[in-house]
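This report refers to the structure that appears directly beneath it.
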Amino acid sequence: MTGTHARRKADHIRINLEQNVDFPHLTTGLERYRLRHEALPELDLDAIDMSVQVFGKRLQAPILISSMTGGTDEAAGINMNLAAAAEAAGVAMGLGSQRTAIEEPEQAYTFQVRKVAPNVLLFANLGAVQLNKGYGVEQCLRAVEMCEADALILHLNPLQEAVQADGDWHWQELTAKITAVCRALPVPVIAKEVGWGISSQTAQRLLDAGISAIDVAGSGGTSWTEVEYYRAKDVRRQRLARAFADWGIPTAESLHLVRAVAPDLPLFASGGLRSGIDIAKVVALGADLGGMAGPFLRAAVQSQAAVAAEIAAVVLELRVAMFATGAANLAALRQPDRLQVVSS
């Protein structure tokens, strides 16, 4: 079983790098918003303050390298490149699912990035559905301790599992188990979708369960049913995966829905973000961090320097976007007049 899981992770890396797995038609919804241009910003570009504090750690920019991979030799190199670059830039990083390393402890090294990133805000990661497969507080603690993480992501991917022939289909009674983990774990627990968004009703249930932050991970970026289409071994599974290629709640909409029911909760927005302008838009819409995966994955298979260059490009885009809209800091960027809805 564990070998199958490792092969699945290797397939995911390969397919994301080799195939077009974007949503065919559904977008993030961020194109509906435009940052208001300020012709007289009265600011020094170099003095723009992009810093933010999350879970007691100060970041230099509101950027999260979203959870991607682990559990294979290739993934170990990718995670090291990501972590070292994140450390240098002062941004946050999420690890991929650690299930492989829980079941095969010799794979733990693929997630152990603290030697190159001692100070980075780091998130461990397990699939929430594993709480219905014998996992509990002990395994969650092991995931956190394995990589010396600051928080634990429990990722929610029911649609991805449903279209897999080898998926985990039993999602009953999970909320109570998530509640138990939130109560027992000594670090914050983050609920994260993987690309189909979170509704206001789900956000409320997660809030009631004791979740410390939510990553909406909305639709419009990578479609994981498209990824599973390329993994499928038979026509019926391919048809099923392709049928859901445009499913989900767009990132901008999910961000709005979740922020409305959780006004004070740390909120991360990922799902189709591709630039510093996208980061600026989600911050203006209420996110504390903007998460990106695809651009960083493509850089990480090359080198640490390539990741550093990609982070630097995104940070510069964010800095200029804030300058050009007259926002000296992230609080100013969130002022209601910074963002305009583009008429359809």
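Of note:
- Kyte-Doolittle at least 0.5, axis length at least 27 Å by Cα - qualifying DSSP helices, the chain: 304-324
- Here r is the Cβ-Cβ distance between residue 329 and residue 175 and R0 is 30 Å; the resulting FRET efficiency, rounded to 0.05, is 0.25.
- Sites counted here are trypsin sites (Lys or Arg not before Pro) in a DSSP loop (not H, G, I, E or B) having no more than 12 other Cβ atoms within 10 Å; the longest part of the chain that contains none of them is 1-114.
- In whole percents, the pair-distance distribution calculated for the stretch 219-301 from its alpha-carbon pairs, binned every 10 Å from zero, is 17, 38, 29, 14, 2.
- Overall dimensions of the stretch 2-341 as given by Cα atoms, namely Rg and Dmax in Å: 18.9, 60
- Dipole in debye (nearest 20) - the chain, about Cα centre, beta carbon charges: Lys, Arg +1; Asp, Glu -1: 480
- For the chain, the relative contact order works out to 24 percent when only alpha carbon pairs closer than 8 Å and six or more residues apart are counted.
- Note on residue 230 and residue 31: the model spin-label points, each 7 Å out from Cα along the C-beta direction, lie 2.2 nm apart.
- In the chain, a dipole from Cβ-located charges (positive for Lys and Arg, negative for Asp and Glu) runs towards its positive end, and of 255, 156, 109 it is 156 whose Cα lies farthest in that direction.
- The calculated FRET efficiency for the pair residue 19 and residue 42, based on their C-beta separation and a Förster distance of 51 Å, comes to about 0.60.
- Unit charges on C-beta of K, R, D, E only; dipole of the stretch 212-313, Debye: 480
- Antiparallel DSSP beta bridges within the stretch 2-341, as percent of all bridges there, nearest 5: 20
Every number in this text was worked out from the coordinates using simple rules, so none of it is lab data. Here the structure is a predicted model, which means the values were calculated and not measured. Because the Cβ atoms are built from the backbone with ideal geometry, glycine has one as well, and the counts that use them run over all protein chains shown.
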